[in-house]
Amino acid sequence: MRYRPDIDGLRAVAVLSVLFYHARVGLDGGVVGIDIFFAISGFLITGLLYKSITAGTFSYTNFWERRVRRLVPVLIVLTGFVAIVSPLVLLPEDLKDLGGSLVAGPVLLSNVYFLRVIEGGYFADQPETRPLLHTWTLGVEEQFYLLLPISLALLYRFFPRRLGGILIAVCAFSFALSVWLTSSYESFAYLTLPSRAWEFLMGGLLVIWLQARGGGLPFSQRSREAMAWTGAAMIAGAVLCYHPGMRLSGSAAMLPCLGTILILLANASEPLTSVGRLLGHPWAVRTGQISYSIYLWHWPLVAWSLYLGLLVSPASKILICLLVYLVSYASWSWIETPIRSRRVLPQRRAMMGVYAVYVLVSITFGQLYVAKEGFPQFWPQAASETIALPVARMIDLQAQDPQVPTLGSPRTGPGGFLLWGDCHAMSLALLLHRLGQEYHQSGLQLIKGAPAPLLNWGQEMASGGNNPDFRDQWRDLTLKTIRNNEIHTIFMLRDWSNYSRRQSLGRYDEFFPTPPREGSGQGEENLSQDLKDTIRTLNRLGVRVVLVCGFPSQPTANSRNLRLTSRWPMLAPPPMDEATHRALNASFYRVLEDLPQTPGFTVVDPARIILGWSQLTLDHVPLYMDATHLSDRGAALLRPLFEPIFQTMKADASETGRPLEQDPPRSDGP
């Protein structure tokens, strides 16, 4: 097969599309570069195989020696680099996950491994936690080439006249399977060989047809130009218009694959089309020649940058792309080319040794990281701090007789406080628990993942099992808990801003995918009325209501970068400033101003303290768990806001003669 510079140009288009997509420079459909790669690979490798099989010179050993020489030298350097650097970057659970991918790589099962561990679909997961995620494509490709040589050889020997028809049937079946699986099991369709084989076979069928013709194309130059520009438009349309929210396997993958086939076909004979000449530009050709190194090196470098929160500004994205190109050029010059051209390690036995070293290095590091659980002992304790789950508990509304978890001092009779809210209330559980112990107050916690601590507002949430009576269950259980336990103080907490700033943040539908029932609270006016009704009802029951405002959100913070600051303090995200917080929550603060000021109602605003923090860590310990939830350490700093309430509760108990709870044994933890 003659050298075709346009194919290297196509490789450049494919790899740069993938690079720019991962580096987040604007090509949301750039991931279709993988489809372009598969079609090109099928065209080239099938062409070499078919030519040697028909000539009677095919050797399975020679074929795989060339594959190892082509792929493994750079792969072993990359794998060793990732294995050595990752312990400095990845948190223990992510390092353990890397161990699994290191083990899967040498046995050509990376795609199977990622299919097993990825949750929520390939694009819904957090890909930056897996620096070897991109090796799934190598798994698919090499699985295909384990089967293709022997399949072609057998078909050519026993069914030479039916070979093309059989391959067409297999290609059609694989495509149909991909379309079907995309609608029912998208991850399987995206990551596995049975639903990807058609992309390789499209290229393979084209090259077999071209070799069978043995001459020029039966198309005029004008027709070839039209084919080439149509193919270019298909690829450009996919790269520019597709996005990760789409299902990109199945029929969606046909557009870039067919575009690639049209360009390969249109330029299969001289003279090249104008598209072929553009793709044959020296810069495009050089980029295509180093495309394998670009593909291998780009993802670990980009993933670590994303993982550490460094890939934010346009300048940082451009810089990482330039770094990838430079590293890849060096890799191609110093590793790929010398070994592939046999200037270095020319013997076949040497290639067997290279692959053995790859297997040894990858599996050894992988098994070590898995066995040692990612070496959590090498991280400061702060990296593993979480909300105090031994204290914080969510209620199970699906239980026949839901048991309300306790807080504070052991209960010896009626009376006490209630922590009532959504998952944000869990952040206060340990603080209120310790205050309850200190001031001899028993408590309960009525916490559920998403519903509001309101009596007349509810939502049919997934966490409620899509139960249409979820709102009634929530209200009835709350009132039953208050009456049966003679609750005297309620702390109401959730991220109230979700109700009052639906339009400004667009977060309402994320938390509440099903519209509220007709007449339920929605927006500023109805939230105000719902709060008034709830406060009035609880006051009539003799309950003091403490409305706790939501914690100021920290848009630049997430659970990962906050934990990483325990080792890398310079990664600490900046805290929310007061002006931005007030602007984002202006609607909710207007609701507060509209609420009646009564002796039985108190507002506690954590923002009074939190907005005074100069950073989101204290002694390298995170004060937030993520963008909206406080850590135990952060919640402890709110003690000045809640301690006066517990002092009042203790004084009221003394005045009314209500017995104080027994003082439990002192303890520093839950």
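FYI, it's all coordinate maths here, none of it is from the lab. Here the structure is a predicted model, which is why all the values come from computation and not from measurement. Cβ sites come from the backbone with ideal geometry, for glycine too, and all protein chains shown count toward neighbours.
Observations on the structure shown:
- Förster radius 45 Å - calculated FRET efficiency between residue 372 and residue 618, Cβ distance, rounded to 0.05: 0.95
- Label point distance in nm, residue 592-residue 486, each placed 7 Å from Cα along Cα→Cβ: 3.3
- Reported label for calculated P(r) over Cα pairs in 20 Å bins from 0, in percent given [x] 18, 52, 27, 3, 0; [y] 16, 45, 32, 7, 0; [z] 16, 40, 27, 15, 3, 0: [z]
- Under 5 Å, built H, 5+ apart or other chain: amide partners of residue 601: 545
- FRET efficiency for the residue 57 to residue 274 pair, using the beta carbon distance and R₀ = 51 Å, is estimated at 0.90.
- Estimated vicinal HN-Hα couplings, Hz - the range 544-559 in sequence order (Karplus 6.51, -1.76, 1.60; Gly, Pro = x): 7, 9, 10, 8, 9, 5, x, 6, x, 6, 10, x, 8, 9, 8, 4
- Helical content of the chain, expressed as a calculated mean residue ellipticity at 222 nm, amounts to -18000 deg cm²/dmol (DSSP H runs of 4 or more residues, -39,500 (n - 2.57) each, divided by residue number, nearest 500).
- Rounded if a/c under 1.5, otherwise prolate or oblate - the range 205-273, Cα gyration tensor axes: oblate
- Extension gain (nm, one decimal) between residue 330 and residue 169, 0.36 nm per residue minus Cα-Cα: 53.7 nm
- The range 237-395: C-alpha gyration tensor shape, a/c 1.5 cut-off, then a/b vs b/c: oblate
- Taking 20 Å as the straight-line reach from the Cα of residue 96, the lysines in range (excluding those fewer than 8 positions away in the same chain) are 372.
- A Förster distance of 51 Å, applied to the separation of the beta-carbon atoms of residue 536 and residue 579, puts the FRET efficiency at 0.90.
- Averaged over residues, the count of other Cβ atoms within 10 Å places the peptides 128-135, 312-319 in the sequence 128-135, 312-319, highest first.
- Highest-first arrangement of 252-263, 23-34, where packing means the average Cβ count within 10 Å: 252-263, 23-34
- Kyte-Doolittle at least -0.5, axis length at least 30 Å by Cα - qualifying DSSP helices, the chain: 33-55, 60-89, 136-158, 163-184, 348-371
- Modelled spin labels at residue 107 and residue 322, positioned 7 Å past Cα toward Cβ, are 4.4 nm from each other.
- Distance between the 7 Å Cα→Cβ label points at residue 221 and residue 147: 4.3 nm.
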